[in-house]
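For reference, the structure discussed in these notes is given below.
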Amino acid sequence: MRVGVLTGGGDCPGLNAVIRAVVRRSIITHEYDVLGIRNGWNGLLEGDVDPLGLYAVSGILHRGGTILGTSRTNPAKDKDDIRRVMDNIQRYEIDALVVIGGNDTLSAALELFNRGVKVVGIPKTIDNDILGTDYTFGFNTAVSVVTEAIDRLHTTAESHHRVMVVEVMGRHSGWIAVMSGIAGGADMILIPEVPFDIDEVCEALKKRHKKKKFSILVVAEGAVPKDGELVLAGKGTDAFGNVRLGGIGQVLGNEIEKRSGIETRVTILGHIQRGGTPTAYDRILATRFGVRAVDAVSEGEFGKMVALRSEDIVLLDIKKAILANKQVDMKLYEIAELFFG
Ligand code: F6P
């Protein structure tokens, strides 16, 4: 049996831990060969593949990024592309494919599964927005990075009596904002799930500044004002139709300073949240996902995705996982709100 493995979409801490687990479980437990596919779906379009042995995955557990490379290539966009992918799967004698990715990469995996390819999915994204799994790996690392940044911004905000706006990733859901905001003691958190009213935001900050002379406001890049639109970082979309977000922090910071008169500074954490060493939690979750995915291959459980449910790693249909983006649990947001103002 030959297993192909690819990482697609935005990278995230823990990808190398999954690749390592997929390779070791395949070779040591099941005596499968593993083929590493470079740069996500692009590797299957171009035939950019290489055997992955135990030596190739040694020493990568703690490293961020992905040794395979990644891309946002969408093989299902065009009929010729999907044919090329199917041809290359045959040419390289790939019996089963382990696809590590977010909603877009997994939706392409489903497209191939529907055409007869034996696929198992592994959910990854720092955004934690995939349905059916309690957490995705990468998320815990991102929350730790943002929490540390909030801690650092606290001391300078307090010294200068400023509002500090911290823009974090989270395209469709505010998981990073809410979790790091709770951990960092944010005075306000704005997320895509709850459109905000700029008047209310400014009033709440002015009220707080009568007693406390500084504030930390965490905003997810996908947060939208009640009567406004998403703020985009640039024009155009990627191959899956995603717009590039970014800039809401600055828009908000300008507005807050203008309306409230409180000096305001903006920090955009950007890709710092996605790079670097994974936390122990993410390394362990990624390792468990990788092992379970290869076991799913051996059990013939195709069209499935591994997922964390409470303490267990379970399998669920990819088609259920990609139905929508997993939104922030409002009970969690209510807890965060208790500490606003
Ligand atoms: O999907 C994960 C994510 O990190 C989003 O939070 C963010 O909007 C996007 O990727 C950024 O993508 P890129 O690295 O392509 O700019």
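The values are calculated or read from the model by the stated rules, or taken from the named source; none is laboratory data. Being a predicted model, the structure only gives us computed values, none of them experimental. Please note: Cβ atoms are built from the backbone with ideal geometry, for glycine as well, and neighbour counts cover all protein chains shown. Ligands, DNA and RNA are stripped out before the accessible areas are found, and what is left, the full protein with its side chains, is counted by its heavy atoms. Shrake-Rupley method; radii C 1.70, N 1.55, O 1.52, S 1.80 Å.
Summary table below
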quantity	calculated
Within the chain, longest stretch free of exposed GluC sites (Glu not before Pro) [DSSP loop, at most 11 other beta carbons within 10 Å]	94-228
By accessible area with a 1.4 Å probe, ligands and nucleic acids excluded, highest first: order of VAL3, VAL231	VAL231, VAL3
Long-range lysine pairs (8 or more apart or interchain), segment 141-275, Cα under 29 Å	15
Distance in nm between pseudo-label sites at LEU230 and THR277 (7 Å out along the Cβ direction from Cα)	3.5
Helix 79-91 axis, angle to the chain major axis (alpha carbon atoms, nearest 10°)	50
Pairwise FRET efficiency - TYR55 versus MET86, Cβ, R0 = 30 Å, nearest 0.05	0.45
Simple spin-label estimate for THR237 and LYS212 in nanometres, 7 Å along Cα-Cβ	4.0
Probe 1.4 Å, protein heavy atoms only - accessible area per residue of segment 141-275 in square angstrom	45
Segment 6-89 shape via C-alpha gyration tensor axes, a/c threshold 1.5	oblate
Theoretical ellipticity at 222 nm over the chain - DSSP helices of four or more residues, -39500 (n - 2.57) apiece, nearest 500	-12000 deg cm²/dmol
Prolate/oblate/rounded label for the chain (Cα gyration tensor, a/c 1.5)	prolate
Full-stretch length increase - LEU332, GLN250 - with 0.36 nm per residue and alpha-carbon distance subtracted	26.9 nm
The chain - percent of accessible surface contributed by carbon and sulfur, probe 1.4 Å	49
Accessible-area ranking of ASP199, ASP11, ASP129, largest first, probe 1.4 Å	ASP199, ASP11, ASP129
Overall form of segment 42-139 per C-alpha gyration tensor (a/c, 1.5; a/b vs b/c)	oblate
P(r) histogram, all alpha-carbon pairs of segment 141-275 included - 5 Å bins from 0, percent	2, 11, 21, 25, 20, 13, 5, 2, 1, 0
Net charge over other residues, Cβ less than 15 angstrom from the Cβ of SER310 (K, R count +1; D, E count -1)	-1
